[in-house]
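Reviewing the structure listed below.
Please treat every number below as a calculation from the coordinates, not as lab data. Every value quoted in this text rests on a predicted model; they were computed, and no experiment measured them. Every residue, glycine among them, receives a Cβ derived from its backbone with ideal geometry; neighbour counts consider all protein chains shown.
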Amino acid sequence: MKGQLNIGRVFGVQLGLHYSWLVIAVLVTLSLAGNFSSVNVGWGAETIWTTAIITGLLFFVAVILHELSHAVVAKSRGLPVRSITLFALGGIAQIDKEADDPLTEFLIGIAGPAMSVVIGTLCLITASALGWSPETQTLAPQTPVLAALVWLGYINIVLAIFNMVPGFPLDGGRVFRAIIWWATGDMERSTNIAARVGQFVAVVFIVWGIFQFFFGVGFGGLWLALIGWFLLTAAGGSYANVAITKILRGLRVGDVMRKDVETIDGTINLQEFVDEHLLKTGSRCYFVVEDKRLVGMITTHEVKGIPKDEWKDKTVEQAMRKLDDLQIVSPQTPVSEALEDMLRSDVNQLPVADDNQLTGVITRNHILEILKTRADLKI
């Protein structure tokens, strides 16, 4: 997901904060401040805002733990997890590979809501141990600590319940898909059904949210409609992915890759590279090889990152994206998986290599042409 701040790694998983989350953080803090001031009229402004900010930060931590639980379970089941990104509507753990069996899918899906329930329950138990009584202080805990614990307790349980709505790709939708997958033994069919249910749930959210906006809770209804729109888009994307995978089934990268790859010597300077290669061929991407082994890739993007007056002093090797930063596929990789990698990384081409020996390149446009041809011929 583009437009994010990297905030560190936990268990080897990169944590990212999408800029849209900053807007939500402000709205959550304002909402908490308004709530605390309305039910605790004796609190001063400093107490209200301090409690609101700390509670908002703890909620941020709870969402990370929710998503991190998905990642931990996925890694324990042998699935690679690239990152966790928090954004306006919650968070997403970017798992690089689909589950191989329904049990893994079920465990990954249920892990997040289970973590939220645990966090919420612990918060309420701690508040009760500190003197909070749900019978007499449900809406107005007496101290800032109790107010924060109670709010966190209820919001995490609500978060768990919401995520268990059987609308793919919500956690509940993944659990729903796992159950259908187990019952039918057909992963594609289960994804289709879960995605269709997800689209239905999304439409209900949108309609109900708009209705509430005009006849009920105001902007809270728009928020529900926004969540519905997000679900509708995501569920539609999941349905499309199944169709694409079906069309590309059986195709390997080695079957469709382009073998006439533009390569370049990393020792030449950028000025020569631009004058003799980029400007004369029109090609925008070159792979850097050394003794026939792939060592990096350079595109117009990397060249533009170097000031023009330094082009004569910088070599291609100094400006290129190094091998460790490249995503490489092998000739045996399924084409559908290569396309997913390109979309996930937002790149237009991937080098194809066998034991670091460059054998070709596969591009997004070429895959789309194959998709169109196969769809036209109904293959």
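Seen through its C-alpha gyration tensor, with square-root eigenvalues sorted a ≥ b ≥ c, the stretch 177-331 comes out oblate because a/c lies at 1.5 or above while a/b is not bigger than b/c.
With a ≥ b ≥ c taken as the square roots of the eigenvalues of the C-alpha gyration tensor of the stretch 253-377, please select rounded if a/c is under 1.5 and otherwise prolate if a/b is larger than b/c or oblate if it is not? The shape class here is prolate. To the nearest ten degrees, helix 144-163 and the longest principal axis of the Cα atoms of the chain are 60 degrees apart. The long axis of helix 335-345 is offset from the longest Cα principal axis of the chain by roughly 60 degrees. Applying the criteria of a DSSP loop state and at most 10 other Cβ atoms within 10 Å to the trypsin sites (Lys or Arg not before Pro) of the stretch 228-294 yields Lys259, Lys292. Sorting Val352, Val39 from the fewest to the most surrounding beta carbons within 10 angstrom yields Val39, Val352.
When the GluC sites (Glu not before Pro) in the stretch 312-379 are filtered for DSSP coil states and for at most 10 other beta-carbon atoms within 10 Å of their beta-carbon, no site remains.
For the chain, take the longest principal axis of its alpha carbons; what is the angle in degrees between that and the long axis of helix 364-377, to the nearest 10 within 0 to 90? Its long axis makes an angle of about 90 degrees. Close Lys pairs in the chain, defined as Cα atoms under 19 Å apart and 8 or more places apart or on different chains, number 13.
Here the stretch 253-377 is assigned +1 on the Cβ of each Lys and Arg and -1 on the Cβ of each Asp and Glu. Its dipole about the Cα centre then comes out at about 340 debye.
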